[in-house]
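What follows draws every value from the coordinates through simple rules; no lab data is involved. As the structure is a prediction and not an experimental result, all values here were calculated from the model. Every residue, glycine among them, receives a Cβ derived from its backbone with ideal geometry; neighbour counts consider all protein chains shown.
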Amino acid sequence: MSVVDQVPPTDSDGSPPPLRRNRDFRLLWSGAAASFLSSRVSAAAYPLIVLWHTNSPLATSLVSFAALLPLLLIQLPAGALVDRWDRRRLMIVCEAGRFAALATVAVVLVGGTVSVPLLAAVAFVESSLNVFYRLAERGAVRNVVPAAQLPVALAGNEARGRAAGLVGQPGGILLHSLVRWAPFLFAAVGYLVSLGSLLLIRKDFQAQRAARPGRLRAEVAEGMRWLWKQRFLRVALGIVAGSNVLFQVLSLALILMIKEEGRSPATLSVVVVLSGIGGMLGALTGGWWLRRLSQRTILVGGATAWAALMTSMALVRDPFALGALFAGTSLVGAVFNVASGVYQVRVTPDGMQGRVAATANLIGSGTNALGSLGGGLVLAAWGTTRSVLLVGGVMAVLAALAALSPALRTEDAPDEATRADDDRPPTTPEVPERPEGAAS
């Protein structure tokens, strides 16, 4: 029997206690919040410190490349290893390793040295451990909360990730402006806080695994085959992967729009902040949408909304109007992340959680890279207005394909466990005070 199937403690009325009283989930959530915020702060600091102290765009790009490389190289093997190993112990090792790596950078910088090879190596190590940590944490959630509370739990996780993105990047820039080693010391302390929270958790993060692990390549292939056989997940992932390409083009177009209007680069922050607020609202209401709509309705309706919002962006240049439109796309994206996260975690066997999530992440990372490359070519050839109209048109085609796909009708009703969840509006779980700091 898996951990998720065990009978959880219940209140006097027989229902599971609210998540704010689930000690292990609060520890997991708050520790991961500190961890995610730390990774965002350090990610913002790497290019700043290299460019500011070496004045070399090439060195900056090398460090940035080192930080992104693990997303493409180790996703699949990491997924298989996460399914082999004890998730809690693995997460402890990840946080200890990231604390040691970031603390080393802080100490070297305090000594007055800026070493590009060291920064590139630490960026690669930190990003690699981040891949393992996120895959393990995603699989761990279903083992520390009752199944009926997964939508609320994953909505809180999505809100946490969005908050980390909203606060972490400007926080990393601000800390660097104060003293160059500050972002790395902050990140190291955050990883130490996360490590401490993991050491206090009592529950196992996975069901017992009777089978002995086989060959790594065979296990990776097994996870990919399992995902391919899930018609709903396969088609939904294809739609989302296609939209990732379009959003990369749209992000580049936004920068050009701001420049073409002769506005300050700081104007971009208005759009980013409004977009982040939209993402937070989407994350916090994800469970509400899931209780009322089927997965298919969320996917088709959201893709249609994306098409309308993207097309509208070609017609406006005011930063607040653009920010409102981007906030709408972020809201839809956050709801997607909650819905897809709940569905994938519920239908995937516990022993395959890492491999399935890794395969999906790899597809997302690959399409983001493709969109970044193709976006520049499209914008150079078509200009901003026509390129954005093209993006909106392609998104409309994807929405139509989603509406017509027979595969998406294989999951056409809201999950009964979701309906059984309490009717309270989903909110970020109540946790002890911690740095805010995220699905996928």
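Before anything else, pin down the relative contact order of region 238-327: Cα pairs under 8 Å, at least 6 apart, normalised by residue count, whole percent.
That works out to 43 percent.
Put a dot 7 Å past each Cα toward the Cβ at residue 403 and residue 173; how far apart are the dots in nm?
It works out to 4.0 nm between the two label points.
Computed on alpha carbon atoms, what radius of gyration and Dmax characterise region 275-353, expressed in Å?
Radius of gyration, then largest Cα-Cα span, for region 275-353: 14.3, 49 Å.
If R₀ is 30 angstrom, what is the calculated FRET efficiency for the pair residue 72 and residue 21, using the beta carbon separation as r and rounding to 0.05?
E(calc), rounded to 0.05, equals 0.15.
For region 218-420, calculate the relative contact order in percent as a whole number, restricting contacts to Cα pairs under 8 Å that are 6 or more residues apart. Numbers along the way, then the final one.
Values: 240 pairs, mean separation 85.2, N = 203.
RCO, region 218-420: 42 percent.
Given a Förster distance of 30 Å, report the FRET efficiency between residue 96 and residue 215 from their Cβ-Cβ distance, rounded to the nearest 0.05.
According to the calculation, E is roughly 0.60.
Rounded to the nearest 500, what is the 222 nm mean residue ellipticity of the chain from helices alone, with -39500 (n - 2.57) per DSSP H run of 4+ residues and division by all residues?
It lands at -26000 deg cm²/dmol.
Mind checking the full-extension length gain between residue 118 and residue 89? Use 0.36 nm per residue of separation minus the Cα-Cα distance, one decimal, nm. Mind dumping the intermediate values first?
Working: separation 29, 0.36 × 29 = 10.44 nm, distance 2.68 nm.
In short, 7.8 nm is gained.
Cα-Cα pairs above 22 Å in region 17-205: how many percent?
Working: 8119 of 17766 pairs.
Value for region 17-205 (Cα pairs over 22 Å): 46 percent.
Using 7 Å Cα-to-Cβ label points, what is the residue 222/residue 261 separation (nm, one decimal)?
The two pseudo-label positions are separated by 5.4 nm.
Test of understanding: express the Cα radius of gyration of the chain as a ratio to 2.2 N^0.38 Å, with N the residue count.
0.96
Over every pair of different alpha-carbon atoms in region 218-420, take the mean of 1/r and invert it; report that Kirkwood radius in Å. Numbers along the way, then the final one.
Details: mean 1/r = 0.0564 Å⁻¹.
Result for region 218-420, one decimal place: 17.7 Å.
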